[in-house]
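Derivation of every value follows stated rules applied to the coordinates shown; laboratory data play no part. Everything numeric in this text was worked out from a predicted model, so none of it was measured. Cβ coordinates were reconstructed from backbone atoms using ideal geometry, including for glycine residues, and neighbour counts include every protein chain displayed.
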Amino acid sequence: MPSGRLRDTHKTVVDVGCGTGRELSQLASDHPRHVRFIGVEPAANMRRIAAARTARCPNVRIVDGRFERLPLETQSVDYLYSVLAFHWTTDLRKSVSELARVLRPTGEMDLTFIGRNNGREFIMKTTPVFFKYMTLATMVEAVSLRKQLRLEEATALFREAFDSSGLTVTESYHTYYDTLDGHWGWWMRIEGQLVNVPSDQKTECNQAVRAAISTLETASGIPYTVHLLHVRLREI
Ligand SMILES: C[S@@+](CC[C@H](N)C(=O)[O-])C[C@H]1O[C@@H](n2cnc3c(N)ncnc32)[C@H](O)[C@@H]1O
């Protein structure tokens, strides 16, 4: 999270994939009015909520856009951050070159996004089940909806565009425990795979997936490990 990371020199601050504007509205209320905040978000429903949430801050603007095509002037941004959105880009190289384009030469950045090993316990258990209900082609299509990078891949990608020793790429793992139903609601929302299961087999597939996930049960609940990548650019 970028809170507390803004410097006095940061006059234009951008949140890409700002969603409902939670972080932006917090930052805008904690900083003086001369700092310009811009939320970039492709989903109209999210933009509406973000605009309503930040309506009392005249220095916040919510705009339509995405990593692949940022609606921002070249070398105009002092600090750019993004929370859990970069893995949704459809074009990694274009997105990274857009980030390099809009940042000022002294610009700083923090991107936090999901990496390749996200939810590895669930993947190990559910992949054999999905293969019973989906073809290889529909599985590949579902999985490629999200870009899932390894640390080395993310490092190589960002190094190509940011030739700076101020750039670091790190990873972290966080394991959360919950009940099956506790995990189920959000997991179904973010995992697109089931959309491709033929409708007459959905109920049966859901039951098989739930049974597979239940085998992960421990005394603390069912684990889900989040794999996060963090790209950090600081002036040196
Ligand atoms: C998990 S939400 C995170 C929202 C917000 N950053 C937060 O932490 O609450 C992911 C957001 O990324 C947005 N998104 C999807 N594809 C995107 C893209 N290509 N470029 C930028 N944002 C994108 C979604 O519309 C969604 O608002």
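Key figures
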| quantity | calculated |
| --- | --- |
| Percent antiparallel among DSSP beta bridges (both partners in the chain, rounded to 5) | 50 percent |
| Sites matching GluC sites (Glu not before Pro) across region 10-91 that sit in DSSP coil, with at most 10 neighbouring C-beta atoms within 10 Å | Glu73 |
| Ordering of 76-89, 201-214 by packing [mean C-beta count within 10 Å, highest first] | 76-89, 201-214 |
| In order through region 50-62: 3J(HN,Hα) via Karplus (6.51 cos²θ - 1.76 cosθ + 1.60), integer Hz, x for Gly, Pro | 4, 5, 5, 5, 9, 4, 7, 10, x, 8, 10, 10, 10 |
| Label-point separation in nm, Arg48 to Ser164, each point 7 Å along Cα→Cβ | 3.8 nm |
| Set of lysines with alpha-carbon distance to Lys94 below 25 Å, sequence-local pairs under 8 removed | Lys147 |
| Interchain or long-range residues, amide H under 5 Å from Val63's placed H | Gly39, Val40, Glu41 |
| Three-way shape label, the chain, alpha-carbon gyration tensor, a/c 1.5 | prolate |
| Gaussian network model of the chain, Cα within-10 Å springs - most flexible of Val35, Val63, Val140 | Val140 |
| Alpha carbon centroid spacing (whole Å) that separates region 198-212 from region 11-32 | 40 Å |
| Calculated from backbone phi, Karplus (6.51, -1.76, 1.60) coupling profile of region 202-215 in Hz, x at Gly/Pro | 4, 4, 5, 5, 4, 5, 5, 5, 4, 5, 5, 5, 4, 5 |
| Cα-based reach from Lys202 at 16 Å (exclusive), listing lysines while leaving out same-chain residues under 8 positions away | Lys132 |
| In order through region 220-227: 3J(HN,Hα) via Karplus (6.51 cos²θ - 1.76 cosθ + 1.60), integer Hz, x for Gly, Pro | 8, x, 8, x, 9, 9, 8, 10 |
| Only Lys, Arg (+1) and Asp, Glu (-1) charged, at Cβ; region 1-114 dipole about Cα centre in debye | 280 debye |
| Bridge type composition, region 1-114 - antiparallel percent by DSSP, nearest 5 | 5 percent |
